[in-house]
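Please treat every number below as a calculation from the coordinates, not as lab data. Predicted, not measured: the structure shown is a model, and the values here were computed from it. Don't worry about glycine lacking a Cβ; one is built from the backbone with ideal geometry, like all the others, and counts go over all protein chains shown.
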């Protein structure tokens, strides 16, 4: 059964794309469910970090479920509806105030590559394989989707992977800047867990303000809401967490942030 699984461990929530017979290919229902899952976790004050990954150890996400294309993308209206669901799925990690990390092992192609690009941080195992096969399927890729890749890996690398539709490995993904870290398959879980623990121990309001500013900087100038970004920064200085951070520094102890 193709579904999104939700796992929680302390302040870290993990959304697992599970469709093992198809290497975790994403169905239409999974695309629709993703924004709901992320919104649920954003409302949960106990959650500080969200991880997106694939079920099993062979695949992160092997693109969209192509078997649905004929029925769900066969007409212009159906295509528009499907594309809207996909764009909402991509937009959810970016709109979420909390950090979203893509934990990538194995195959990461097509829609999986696009979803990883929409996350804040990407960490992969050394056996990861990446590909953007749109040109092999005759698919048009949205302007917003192309821009997401350009924001992460630049115009030249984006042109390379879209024009060639070639596979590339973890080492090249690191060189491009698509991933920030490459681990062995055996240490991927522990490396991601350590990063999540580090993030979860920091001030949530500061992280949310930084993420919002990053997202605004990636937009066209006319679309940016710098006033909102400034308000988030000011809220950090007025927060109890800022007082706690100062006290903890002076007392040489670990701060206990609550997000207020």
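One compactness figure for the stretch 1-65 is 1.10, namely its Cα radius of gyration divided by 2.2 N^0.38 Å.
In this entry, the stretch 115-234 is assigned a mean projected area of 8.7 nm², taken as a quarter of its C-alpha convex hull surface.
Inter-part distance, the stretch 151-227 to the stretch 38-113, computed on C-alpha centroids, equals 15 Å. Across the chain, the convex hull enclosing all Cα atoms gives 135 Å³ per residue. Have a look at 188, 139, 20 and tell me which one the Gaussian network model of the chain (Cα, springs below 10 Å) gives the largest fluctuation. Of 188, 139, 20, the most mobile in the Gaussian network model is 139. Among 146, 51, 182, determine the one that fluctuates most according to a GNM of the chain built with springs between C-alpha atoms less than 10 Å apart. Looking only at 146, 51, 182, the largest GNM fluctuation is found for 146.
Here the sum of -39500 (n - 2.57) over DSSP H runs of 4 or more residues, divided by the residues of the chain, equals -15500 deg cm²/dmol at 222 nm, to the nearest 500. One way to sum up the overall shape of the stretch 203-250 is the equivalent ellipsoid from its Cα gyration tensor, whose semi-axes run 26, 10, 6 Å, largest first.
Placing dummy labels 7 Å off each Cα toward the beta-carbon, the span from residue 5 to residue 57 is 1.4 nm. Any idea what angle helix 143-164 forms with the longest principal axis of the chain, computed on alpha-carbon atoms, 0 to 90 degrees, nearest 10? Once rounded, the angle reads 50 degrees. In the chain, Cα pairs under 8 Å separated by at least six residues give a relative contact order of 15 percent. Taken over the stretch 91-179, the alpha-carbon convex hull comes to 82 cubic angstrom per residue.
For the stretch 141-260, the relative contact order works out to 19 percent when only alpha carbon pairs closer than 8 Å and six or more residues apart are counted. Comparing mean-square fluctuations of 65, 169, 160 from a GNM of the chain with C-alpha springs under 10 Å, the top value falls on 160. When Rg and Dmax are taken over the Cα atoms of the stretch 1-114, they come to 13.9, 45 Å. Here is the size of the stretch 136-178 from its Cα atoms: Rg then Dmax, 10.5, 28 Å.
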